[in-house]
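> Structure incoming, see below.
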Amino acid sequence: MKAWTNFKARITGEFKEKVWDSEAVLKARQKFSELDTQTQSYVLIGSFAGFVLILLLTFFTLWGRTIGMKNELARMDDEIRMAQNSSVHIQELKAAEASRTSDSLLRDFDFSGDASAFAERVGTKALIKKESVVVTPGAKNSADMKLDKISLRQLVRALYLIEKSGSGASVDKLSVDTKDDPEGYIWAQLTLKKEADKGGF
């Protein structure tokens, strides 16, 4: 308590010395004392009104800035939510497009016949040039497929057609060689096994 009293007294003393007893304030006080009582009242009222006005302007300015910051934060929050929703929607569209593309690849695909005939049609449906596909009949219900200088996308199409056609076909062996091709082509060999015909897709 004593410390607070000392601190208060020190602040009061400094204010009195540096502000209240300064030359400018002394002149203003002297001029104020020379005024009549009514004029002094008007000055006091005007000073008080000015002080209140400054406080109000300061308050409304700060309040306006606070409202503006809240609105900005709300706008940013909405934009973040929109971006997140857009990201989810994009992923859903990509998944739907991938599913649609895969289904369209299988549509109207004839997988009847033995393994060799099926392998030939896989190459054609996967958009691989005829001269790049060499099919050799293997053991019962199997065929060896040699794919020369094809793209990775074409190989993926071929494998998808074999595994997902519902024909009972599967890839038993697969080997891939890039041969350090500067254009990114690959050479693949695989053994295709196929169960007895189950009908078309």
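> Being modelled with pLDDT under 90, touching a Phe, Trp or Tyr at 6+ places or on another chain (Cβ under 7 Å) and part of a helix (DSSP H, G or I), is that true of even one residue in the range 90-99?
There is no residue in the range 90-99 that is modelled with pLDDT under 90, touching a Phe, Trp or Tyr at 6+ places or on another chain (Cβ under 7 Å) and part of a helix (DSSP H, G or I).
> Can you give me the number of residues within the range 108-140 that are open to solvent by 80 Å² or more (accessible area, probe 1.4 Å), polar (S, T, N, Q) and touching a residue at least 40 places away in the same chain (Cβ under 8 Å)?
Number satisfying all stated conditions: 0.
> Let me ask you something else. Step by step: first the residues of the range 142-195, then only those that are among the charged types (D, E, K, R), under 21 Å from LEU106 (Cβ atoms) and surrounded by 13 or more Cβ atoms within 10 Å (Cβ to Cβ), then the one that is nearest to the chain's Cα centre (by Cα). Which residue is that?
Only one residue tops the list, namely ARG157.
> Let me ask something else about it. Which residue pairs have Cβ atoms under 6 Å apart, sit 6 or more places apart or on different chains, and have a first residue in the range 165-180 that is free of Cβ contacts under 8 Å to residues at least 40 places away in the same chain and a second that is among the small types (Gly, Ala, Ser) and not in a loop (DSSP other than H, G, I, E, B)?
VAL176/ALA188
The values are calculated or read from the model by the stated rules, or taken from the named source; none is laboratory data. Everything numeric in this text was worked out from a predicted model, so none of it was measured. In this analysis, Cβ positions are derived from the backbone assuming ideal geometry, glycine residues included, and neighbour counts consider all displayed protein chains. Areas reflect the complete protein model, heavy atoms only, side chains present, ligands, DNA and RNA absent. Shrake-Rupley method; radii C 1.70, N 1.55, O 1.52, S 1.80 Å.
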